[in-house]
Amino acid sequence: MSGSGEAQGADTKVGEHDYRARIEEDGEGDDFSDISDSELLSLQEAAESCDAYVADGEGLETLDITSPRKSDVDVNAPAEGQLHNHAGVSCSEIPGPSEITARKRKQESLTPLQKYHMRHLAVTNICSQMWCEQQMVYKIEQPVALRPGKTAAMNEGSSIHLARELELHDVVSVTTQTREDIWAIKCLNILAMIPVLQSGGGIREFPVLGELDGIFMVGVIDELGYSSIGELELRELKTRATPTLPRLAQRRTHELQVCVYKLLFDGMVSGVLQSEYLIQILNLRPEQELGPQVKENALQCGLTVSTLKDIIELTCLNLIFSELPRIDRLKLEYCYQGDGTLLGCDMVNFKEESVMEQVTFYLSFWKGQREIQGVDIEDAWKCRMCDYSNICKWRNQHRTPTKRFK
């Protein structure tokens, strides 16, 4: 089972059958996709024949936590004391010069997290920053339609990932009605995959989440399994539009991605994740009654639950007492989309202090602790493949090198 606001899912084990649930939304959505971040990164880079990496803002939570839920507001009721002119336009909706100035100042004082109404970040967000932070912001503020070539490459890459998943499990659909349903299925995925890992098996599409340097982050590991000597190994597949390995700049984003996955996964199995914090940070309704298909799938897993709180508490407890090992090895695999040929593999050396230094640097932007940074002069070649090069302020105004992590 799996949950996603983009009708995507992940593995689970029910009884003696492995399958992947494809979420069909029937109500409120959630932008945390359960398709792996590795797939998104590899599909985006495959779309550029010149090895350009592109980020699409996957995983952004765009609901405004300062506003009431739409379902709790009577949209037909006028605000108290609101006046309307004969044209039906509210007088209060016409701001004066002082109000415009006040709004501008308030907007400028917001952190990027507040400005874009984001409750959490995806791992791919900081990978996008490593490629080009300015491009990532433009993609949030001014999304552009994908060119036909990019769409074809992404579809081909998606098919390769799906084929690998089907080697392990079937695909089923689960209808969700609320964000609580979606997160309940994510938790059911984790609950179902824990015993598979405990028995020495392999799983795909494992959701990871947790707090890093004060910001909640989410992601989806492509594959977890054990090596020949019993080490828990994380494997990330990258598909390529050309039969060549990616440039060093791209490989660094991949390395950071899997290192952050390890940080999140290790924290989860160490008992860092707390149910109350998870519910609060995601603005979920713990007592929300779950949808009928979610309850049905929970029963197939041997669980009798009625609310999201029940499942989240079970998930946190199972992670604590599962005695699952931390991830020992990080492996990147590159294959050619044309015929599936393996192009090469990279084993990533994990150094926690170095990884956290990078994470802290990139997250400082979201906290409003520093200004946005584009690419250095030596990486200006990236601009040739960027959809925003003609409007890029950084490209036009900054011509001197700045501190970047190499």
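For VAL208, list long-range residues whose amide hydrogen, built 1.01 Å from N in the peptide plane, is under 5 Å from its own amide hydrogen.
GLY219, VAL220, ILE221
Which order do TYR116, TYR334 take when ranked by solvent-accessible area (1.4 Å probe, heavy atoms of all protein chains), largest first?
From most accessible down to least: TYR116, TYR334.
So how much accessible area does LYS309 have, in Å² to the nearest 10, using a 1.4 Å probe?
Result for LYS309: roughly 80 Å² accessible.
Compute the distance in nm between two label points, each set 7 Å from the Cα along the Cα-to-Cβ direction, one at ILE372 and one at SER306.
4.9
At SER228 and CYS345, where each label point lies 7 Å from the Cα along Cα→Cβ, what is the point-to-point distance in nanometres?
It is 1.0 nm.
Tell me the carbon and sulfur percent of the accessible area for region 249-324, rounded to whole percent, probe radius 1.4 Å.
Looking at region 249-324 in its full context, I get 50 percent from C and S.
Counting only heavy atoms of the protein chains, get the accessible area per residue of region 315-370 (1.4 Å probe) and round it to a whole Å² value.
Value returned for region 315-370: 53 Å² of accessible area per residue.
Quick check of the Kirkwood formula: for region 261-406, what is the inverse mean of 1/r over all pairs of different Cα atoms, in Å?
Kirkwood radius, region 261-406: 20.4 Å.
Are any of the pairs LYS331/LYS351; LYS139/LYS331; LYS238/LYS351; LYS262/LYS351; LYS115/LYS186 more than 18 Å apart by Cα-Cα distance, and if so, which?
LYS139/LYS331; LYS238/LYS351; LYS115/LYS186
Out of residues 5 or more away from LYS238 or on other chains, whose amide H comes under 5 Å of its own, with H placed 1.01 Å from N in the peptide plane?
Residues meeting the amide H criterion: GLU333, TYR334, CYS335.
Could you order ASP222, ASP213 by accessible surface area, starting with the largest, using a probe radius of 1.4 Å?
Output order, biggest surface exposure first: ASP213, ASP222.
With each pseudo-label sitting 7 Å past Cα toward Cβ, what's the ASN283-ILE320 distance in nm, one decimal?
Each label point lies 7 Å from its Cα, and together they span 2.8 nm.
Which of the GluC sites (Glu not before Pro) found in region 343-394 are in a DSSP loop and have at most 16 neighbouring Cβ atoms, other than their own, within 10 Å?
Answer by residue number: GLU371.
Ranked from the most accessible area to the least, with a 1.4 Å probe and all protein chains present, what is the order of MET356, MET217?
Correct descending sequence by accessible area is MET356, MET217.
Calculate the FRET efficiency for GLU352 and ASN390 from the Cβ-Cβ distance with a Förster distance of 41 Å, rounded to the nearest 0.05.
That gives a FRET efficiency of 0.50.
For LYS115 and GLN142, compute 0.36 nm times the residue count separating them, minus their Cα-Cα distance, and round to one decimal in nm.
Here the segment from LYS115 to GLN142 would lengthen by 8.3 nm.
Which whole-number percent of Cα pairs in region 285-369 have a distance greater than 22 Å?
Of all Cα-Cα distances in region 285-369, 64 percent exceed 22 Å.
The values are calculated or read from the model by the stated rules, or taken from the named source; none is laboratory data. Bear in mind the structure is a predicted one, so any value in this text is a computation, not a measurement. Note that we place each Cβ from the backbone using ideal geometry, even for glycine, and neighbour counts take in every protein chain shown. Calculation scope for accessible area: heavy atoms of the full protein, side chains included, ligands and nucleic acids excluded. Shrake-Rupley method; radii C 1.70, N 1.55, O 1.52, S 1.80 Å.
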